[in-house]
């Protein structure tokens, strides 16, 4: 009986130890499970915050107007052709006509002559004779006139734009000479002066013949 009772007591001790270990293991599992739940809760909270941030950005983008990308013109439009004006030598009465022809070039080709200096350089390149000497002298000084096309043209008009009319035209027509010019050049100036006077045809023919060189008279 005593032996049997002792065996029962030992068995109860073993069972008690096993139960204690089971409870300890279960407690550890519960602690780990609780930590896992906390970790999942923290992860879910962070995910919800990111989702809220993304939702707010999407809402902002949906409210803002869509930006239109600027249109880039990759093709270069070629400027129209502009005939080169005839050279100007400083003859009175044709200065304004020459300047008008030059201005038409600038009107048709604004990109090629975008600056005042480019316009002045182009104009001087078309001068000859007395006008060329004047233009070269002005450009060589590099004064204020070389930086303003309007100022340059105004100064040029002061020197060469003297319309021939009335008594002045009659005086010049009465003393005009061909000189070293060609007949075509002489005739061009003669017609310009003749348009400003009230002479009859015989007087005009006489004046034209008188101004010709002797070689052509013969």
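Points to keep in mind about this one:
- Restricting the stretch 98-113 to residues that are closer than 23 Å to residue 189 by Cβ and surrounded by 13 or more Cβ atoms within 10 Å (Cβ to Cβ), the residue that is farthest from the chain's Cα centre (by Cα) is 98.
- Enumeration of residues in the stretch 170-193 that are within 23 Å of residue 87 (Cβ to Cβ) and assigned to a helix (DSSP H, G or I): 172, 183, 184, 185, 186, 187, 188, 189, 190, 191, 192, 193
- So residue 90, is it modelled with pLDDT of 70 or more and surrounded by 10 or more Cβ atoms within 10 Å (Cβ to Cβ): yes
- Only helices (runs of 4 or more DSSP H) whose full extent lies in the stretch 87-164 are considered here, and the ones with at least 3 residues that are in contact with a strand residue (DSSP E or B) (Cβ under 8 Å, 6 or more places away or on another chain) and not assigned by TED's automatic domain parsing to the domain that holds residue 191 are 129-141.
- Among the numbered conditions (1) modelled with pLDDT under 80; (2) over 26 Å from residue 137 (Cα atoms), the only one that residue 163 does not meet is (2).
- Odd one out for residue 129 among (1) at positive phi; (2) modelled with pLDDT of 95 or more: (2)
- Residue satisfying condition, being touching a residue at least 60 places away in the same chain (Cβ under 8 Å), in contact with a helix residue (DSSP H, G or I) (Cβ under 7 Å, 6 or more places away or on another chain), surrounded by 13 or more Cβ atoms within 10 Å (Cβ to Cβ) and closer than 15 Å to residue 95 by Cα, within set 152, 160: 160
- Total residues in the stretch 198-218 satisfying the condition of being in contact with a helix residue (DSSP H, G or I) (Cβ under 8 Å, 6 or more places away or on another chain) and either in contact (Cβ under 8 Å) with a residue 60 or more places away in the chain or in a helix (DSSP H, G or I) (or both): the figure is 7.
The values are calculated or read from the model by the stated rules, or taken from the named source; none is laboratory data. Just so we're clear, the structure is a prediction, and the values are computed from it rather than from any experiment. Reconstructed Cβ throughout: ideal geometry from the backbone, glycine too, with neighbour counts over all protein chains shown.
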